[in-house]
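The structure appears below as structure tokens.
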Amino acid sequence: MKKKISLLLVLVLLTASLLAGCGKGNEANIDKKNSEVESYSLEGIKNKGKIVLGTSADYPPFETHVMVDGVDQIVGFDIELAKYIADELGVELEIRDMDFDKLLGGLSTGMLDIVIAAMNPSPERLEEANFTDIYYESKHTVLIHKDNASNITTTEDLNGKSVGVQLGTTQEEFASTNIEGADVLSLTSNPELVMNLKTKKIDCAIMEEFVAKSFSKANDDLLVVEGISIDSGSEGVAIALKKGNDGLTEKLNEIIADAKAKGLVEEWFLEAFELYN
Ligand code: ARG
């Protein structure tokens with residue numbers, strides 16, 4: 001009799017622990033399912049109802065701050081593209097304005113879902129992040145003070161000059177590897193470069209052609225050097241995403257292709273550039 005009871009006890013205990021084990025297993029499975037949906041993936045973005053954009057709003061006509069009715073806003077070509085993407089995905093757009101050199105880090109930590117910041121998908125960056133197709137083909141050029149017009153007319157003229165660039169950009173890379181004897185000044189934002197040009201603390205600054213044109217439109221004393229073209233390491237600019245975020249990359253490529261086909265991309269660009277007349 002005693003034996004029977006203890007056998008029963010063992011059986012009861014065994015079943016109980018098996019059941020408990022099963023329960024745990026199920027919970028673990030559900031947990032796994034939830035965590036498999038990363039917040040920055042296409043599904044994750046739809047679930048949270050918003051897409052978080054990282055940009056560096058110091059780069060007209062791509063992205064810049066303006067006062068609209070006394071309220072500071074971030075506007076520009078890239079922002080129009082971001083708004084269109086958010087609409088197409090049926091989610092809200094949240095904009096985080098950051099230093100340009102922190103943007104890719106923001107993607108890898110999952111703080112940002114996408115980066116639209118006139119960013120070139122250079123070979124080094126392609127190792128670190130996903131990029132969409134090029135949404136805009138752009139060249140890089142040189143902005144100078146008018147008083148330097150006769151001193152800087154060709155790429156060779158840049159040798160030995162003080163060259164201003166934004167920190168973490170392909171322009172910084174170019175200046176430090178391709179301009180002989182350059183005294184490179186890397187600053188966090190482009191308006192700071194403009195100030196340094198105006199006060200003649202630097203001889204020139206490298207930036208995207210239409211950015212240089214925007215700053216020269218807004219500043220009578222600045223000039224874009226025609227005839228200097230700087231290699232950016234890529235055909236143009238693209239949207240950056242976290243490495244491996246392939247589903248969203250594919251979806252954004254469809255959206256970009258569709259916006260281009262509708263003539264919207266060109267329209268947004270021209271409108272944004274017109275703002276800086
Ligand atoms: N096209 C350059 C790069 O990819 C500079 C971009 C700077 N963008 C900005 N929003 N400040 O490095």
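Need a quick list: helices (runs of 4 or more DSSP H) entirely within the range 191-277 having at least 3 residues that are of a type in the set (Phe, Trp, Tyr).
Per the criteria, 264-274.
Of all the criteria given as (1) surrounded by fewer than 19 Cβ atoms within 10 Å (Cβ to Cβ); (2) more than 16 Å from the ligand (Cβ to nearest atom); (3) of a type in the set (Lys, Arg), the one not satisfied by Lys139 is (2). Within the range 79-87, not a single residue is within 10 Å of the ligand (Cβ to nearest atom) and in contact (Cβ under 8 Å) with a residue 12 or more places away in the chain. Only a single criterion out of (1) among the charged types (D, E, K, R); (2) outside any strand (DSSP E or B); (3) more than 14 Å from the ligand (Cβ to nearest atom) is not satisfied by Asp133, namely (2).
For the range 265-277, a tally of residues being loosely packed, with under 15 Cβ neighbours inside 10 Å and touching a residue at least 12 places away in the same chain (Cβ under 8 Å) returns 2.
In the set Asp113, Asp147, Asp72, only one residue is more than 12 Å from the ligand (Cβ to nearest atom), touching a Phe, Trp or Tyr at 6+ places or on another chain (Cβ under 6 Å) and modelled with pLDDT of 95 or more; that residue is Asp113. Please tell me if Asn196 is away from the ligand (no atom under 15 Å from the Cβ), within 20 Å of Ala218 (Cβ to Cβ) and touching a Gly at 6+ places or on another chain (Cβ under 6 Å). When the stated conditions are applied, Asn196 passes them.
The values are calculated or read from the model by the stated rules, or taken from the named source; none is laboratory data. Since the structure is predicted, the reported quantities are computational estimates derived from the model, not experimental observations. No Cβ is skipped: glycine too gets one built from the backbone with ideal geometry, and neighbour counts run over all protein chains shown.
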